[in-house]
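Read through the structure below, which is laid out as structure tokens, and then see the notes.
The values are calculated or read from the model by the stated rules, or taken from the named source; none is laboratory data. Since the model is a prediction, treat every value here as computed from it, not as a measurement. Methodologically, a virtual Cβ is constructed for each residue, glycine included, from the backbone with ideal geometry; neighbour enumeration extends over all protein chains shown. Ligands, DNA and RNA are stripped out before the accessible areas are found, and what is left, the full protein with its side chains, is counted by its heavy atoms. Shrake-Rupley method; radii C 1.70, N 1.55, O 1.52, S 1.80 Å.
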Amino acid sequence: MSLSPNILITGATGTIGKELTKHLAEKNVPFRAMVRSIDAAKELARLPQAELIEGNFDNVASVENTLIGIEKAFLLTNSSENAEIQQINFVKAAKKAGVKHIVKLSQWAADVHSPVRFLKYHAVVENFIKESGIEYTFLRPNLFMQGLLGFRETIIKQNQFFGAVGDSQISIVDIRDIAEVAVVSMTEGGHKNKFYNITGPESISHYEMAEMLSSELGRQITFVDVTSEMLQNMLLGVGFPEWQAKGLVEDYAHYKLGEASEISPDVEKLTGKPARNFADFAKDHAELFGVKI
Ligand SMILES: NC(=O)c1ccc[n+]([C@@H]2O[C@H](COP(=O)([O-])OP(=O)(O)OC[C@H]3O[C@@H](n4cnc5c(N)ncnc54)[C@H](OP(=O)(O)O)[C@@H]3O)[C@@H](O)[C@H]2O)c1
């Protein structure tokens, strides 16, 4: 089968990217995926609709090469201190290559004046894309439910997970819904120069998450609220780089202020079905948390 994809997916091997590329393949949409290593992207390579090309956000020439012939690009990097410059360089390369539309994975409440470093850099990049004249769609998801998988070990071994968030309500979202919104934005018309707030269908506290997880797993799971300092030390202790650990602590402070509790209708508007709730997430991931052990 000969493919001539005009869409490029970055971050294709990551949490959202894996779901996004799976859906593109199901819809039989040919796409090019920029990966750091083709050898390490075996799962992606198995999709007949995927054309893999090596590219690294830190190497502008390689990024320019991935963009040849591309009309629409999905831009996602992980959040590191390099993310802002990596994404800005990507936009410059896209402009040079004549890319018409960028769908950027941003974050709920992105704001250049935010004290939260992630929200600030996402907003800086959003503005840069707007100023470039390239058409855009900004996807601004709230806290990922799948983030709880980062506590898989403590949930399995100690029946607990941690956060510095008190009992604040968050309209936490399943990444499967983010990916589905991304697929619609990448493959259907009507999304130029729009931004979407991507949330779950309910706003819940971490204590409520623990209750729902307990009833799904059949054993008591406890949410332990810790101080920002304790959270930062825990994150550093499990190997998070300092910039990211501090960023996550800032993120939690923003959640604690109740700034991420609003529920958006955008998932249902774009996908035509209600966003998944936390109980759905708990049910679908129960095995990973050691169901009924
Ligand atoms: N976690 C949350 O609750 C939350 C909430 C809202 C928004 N967000 C945003 O979501 C984004 C992260 O999404 P995610 O969880 O799907 O990411 P992820 O799982 O960390 O995946 C990152 C992807 O980027 C690729 N990548 C990393 N460095 C690269 C480089 N130098 N060149 C080329 N590719 C590179 C990785 O490829 P490899 O396979 O080679 O590593 C991987 O495919 C961030 O922008 C974050 O701000 C997160």
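Summary table below
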| quantity | calculated |
| --- | --- |
| Count of the range 216-248 residues which are surrounded by 15 or more Cβ atoms within 10 Å (Cβ to Cβ) and either part of a helix (DSSP H, G or I) or without any contact (Cβ under 8 Å) to a residue 40 or more places away in the chain (or both) | 13 |
| Test: residue in the range 79-100 that is open to solvent by less than 50 Å² (accessible area, probe 1.4 Å) and under 20 Å from VAL181 (Cα atoms) | no |
| The range 165-190 - residue that is in contact (Cβ under 8 Å) with a residue 40 or more places away in the chain and more than 21 Å from the chain's Cα centre (by Cα) and, of those, most open to solvent (accessible area, probe 1.4 Å) | ASP167 |
| ALA33 vs. criteria within 10 Å of the ligand (Cβ to nearest atom), touching a residue at least 24 places away in the same chain (Cβ under 8 Å) and closer than 18 Å to ILE7 by Cβ | yes |
| Residue, nearest to LEU24 (Cα to Cα), within the range 35-72, restricted to residues that are touching a helix residue (DSSP H, G or I) at 6+ places or on another chain (Cβ under 6 Å) and part of a loop (DSSP other than H, G, I, E, B) | GLN49 |
| Count - residues of the range 105-150 that are in contact with a strand residue (DSSP E or B) (Cβ under 6 Å, 6 or more places away or on another chain), away from the ligand (no atom under 13 Å from the Cβ) and assigned to a helix (DSSP H, G or I) | 1 |
| Criterion: hydrophobic (A, V, I, L, M, F, W, C), loosely packed, with under 15 Cβ neighbours inside 10 Å and more than 9 Å from the ligand (Cβ to nearest atom) - qualifying residue of ILE53, ILE7, ILE38 | ILE38 |
| Qualifying residues in the range 10-30 (those that are open to solvent by 10 Å² or more (accessible area, probe 1.4 Å) and assigned to a helix (DSSP H, G or I)) - the one farthest from the ligand (Cβ to nearest atom) | GLU26 |
